[in-house]
Structure formats: C-alpha cells, structure tokens
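In what follows, a single structure is set out as structure tokens and then discussed.
The values are calculated or read from the model by the stated rules, or taken from the named source; none is laboratory data. Note that the structure is a prediction, hence the values are computed from the model and not measured. Here the Cβ positions follow ideal geometry from the backbone for every residue, glycine too, while neighbour counts run over all protein chains shown. These accessible areas exclude ligands, DNA and RNA; they are computed on the full protein's heavy atoms, side chains included. Shrake-Rupley method; radii C 1.70, N 1.55, O 1.52, S 1.80 Å.
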Amino acid sequence: MTTNCIKFTSADIEAAKGVGSISTLTFDLDITVEPVASTNPMAPTHRVLGRSPRGKLVECGGIWKKQNKETGADYYTLTIRDHGFNANLGKAANQDDLSLQAVIPWGPKDAA
C-alpha cells in the first residue's frame, strides 16, 4: 500500500473501517481505523490504532468529521496524539476510488 493513505472498506467513510500507513521523517506507523458510534457531536467518527514497540494494538488518535465554514462541504481530519501530527483526509492523487483517502499533513496554527 502507498504510504500516507488510508484504504476504507467502502466510500461511506463515516461507517467504514480502514487500514493505512503514515510516514514522516520522525515516525512510521501502520494504522487501523475503526468507526465510533456516538451521539456526541464532538466525538470522533473513528478511533486510530497503531502498534506499540512490543506489537500491541493501541489507540493513538482519531478522525473527526468537520464542515467547511465557507462552502458547507464535509471533510475529515486526523490526529496522531503522541506525535502532534494533524492532517486532512482527501481523495488520493490520480485515483477515482473514494474509499482510498490521502493523509494530507498540516502544521499547527501559529500562536498569536
């Protein structure tokens, strides 16, 4: 699988499970994502799980569904807590398969 992508089991991302990998200069993770059932509008849509150094599957982040304030379009963001990593999910380059989502990193906002 290509790095910095998540392959979901369907294009209905909110209800789908997925697997992927995220690689940067400081970490390299194979991840599993599992949908979360919650009535809390602030809850993530997915738990992000990675492997500990001893191979145990541990929760390391989440995926949240958000809405663009200007266009109203829905989009997803991903966070990996231990690494302070934040990203948006979006259609992977040169792909028509909406179940394959690219992990598009973005840095923290500058403190004013």
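Worth pointing out:
- Charged-residue dipole, Cβ positions (Lys, Arg, Asp, Glu), the range 13-112 about Cα centre, Debye nearest 20: 280
- Normalised contact order of the range 14-70, rounded percent, pairs of Cα under 8 Å and 6 or more residues apart: 25
- Protection proxy ranking of 94-100, 62-68, by the mean of other Cβ atoms within 10 Å over each peptide's residues and highest first, is 62-68, 94-100.
- Lysine pair count for the range 9-112 [Cα-Cα under 22 Å; pairs on different chains or 8 or more apart]: 10
- Among 50, 25, 106 - extreme Cα towards positive end, dipole of the chain, charges at beta-carbon: 50
- Of the solvent-accessible surface of the chain, computed with a 1.4 Å probe over protein heavy atoms with every protein chain present, carbon and sulfur atoms account for 51 percent.
- Using a cutoff of 8 angstrom between alpha carbon atoms and counting only pairs six or more residues apart, the relative contact order for the range 53-112 works out to 22 percent.
- Gyration tensor verdict on the range 1-88 (Cα atoms; rounded if a/c is under 1.5, prolate if a/b is larger than b/c, oblate otherwise): prolate
- The calculated FRET efficiency for the pair residue 81 and residue 42, based on their C-beta separation and a Förster distance of 22 Å, comes to about 0.85.
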